[in-house]
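The values are calculated or read from the model by the stated rules, or taken from the named source; none is laboratory data. Here the structure is a predicted model, which is why all the values come from computation and not from measurement. Cβ sites come from the backbone with ideal geometry, for glycine too, and all protein chains shown count toward neighbours. We work out accessible area using only protein heavy atoms, side chains counted, and drop any ligands, DNA or RNA first. Shrake-Rupley method; radii C 1.70, N 1.55, O 1.52, S 1.80 Å.
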Amino acid sequence: MDDIKSKEITSDMLEYRDYRIDEVGSVDGLTDLCICNGSVDTYDTNVEYLFLNDKLVSGGYDMDIDDSNYEDICDGISEKYGNPDIEKSSTGWGGCSMWIDDSQNVILVSEMLGLLYFQNDESIIDLFSESLEKFHEIDIDRELQKAGDGYVGY
């Protein structure tokens, strides 16, 4: 956590205006670092880092994803990581694409949840599982188990 803070927070930044650091009450030892008014590619966004006991376990971009940019964002990730392992059309909350690596770490593009990366850690998976089920009808535990069995996609 200290490494990322030293690289992301400059001396002219003010806490609660340019960045914030908060404990996430739902998981013991989970801390959120948010860098406000950042950007990724051509998109304005807040940049989020989640640390579990000072170890980076998740990151993301709190950005508006909709029909106008969803495909562009997914294409950019696919260029680097290949086609998504899971693609879900809208269940009323927008589309969702998910890439799962050999270690069962996840990159997620969701019109509801934003652009996220999270490690295969039970606490972090639990943190996102309810939202994935609610908004995209994805059972993340089942998908990670299938990925661990060498199964890819639907």
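Table for the structure above
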quantity: Point-to-point label distance, residue 103-residue 13, nm (Cα→Cβ direction, 7 Å offset); calculated: 2.4
quantity: Residue 75 versus residue 134: modelled label distance in nm, points set 7 Å from Cα along the beta carbon direction; calculated: 3.3
quantity: In nm, spacing of pseudo-spin labels at residue 53 and residue 39 (7 Å Cα→C-beta vector); calculated: 3.9
quantity: For segment 1-52, accessible area per residue (1.4 Å probe, heavy atoms of protein chains only), Å²; calculated: 62
quantity: Qualifying lysines (Cα of each under 26 Å from Cα of residue 55; at least 8 residues distant if same chain); calculated: 5, 7, 80
quantity: Apportionment of accessible area to carbon and sulfur, the chain, percent (1.4 Å); calculated: 42
quantity: Protein-only accessible surface order, largest first, of 91, 42 at 1.4 Å; calculated: 42, 91
quantity: The chain: relative contact order in percent, alpha carbon pairs under 8 Å with at least 6 residues between; calculated: 15
quantity: Full-stretch length increase - residue 62, residue 20 - with 0.36 nm per residue and alpha-carbon distance subtracted; calculated: 13.7 nm
quantity: Solvent-accessible area of residue 6 with every protein chain in place, 1.4 Å probe, in Å² to the nearest 10; calculated: 90
quantity: Backbone N under 14 Å from the residue 31 label point (7 Å along Cα→Cβ), restricted to segment 1-22; calculated: 1-9, 20-22
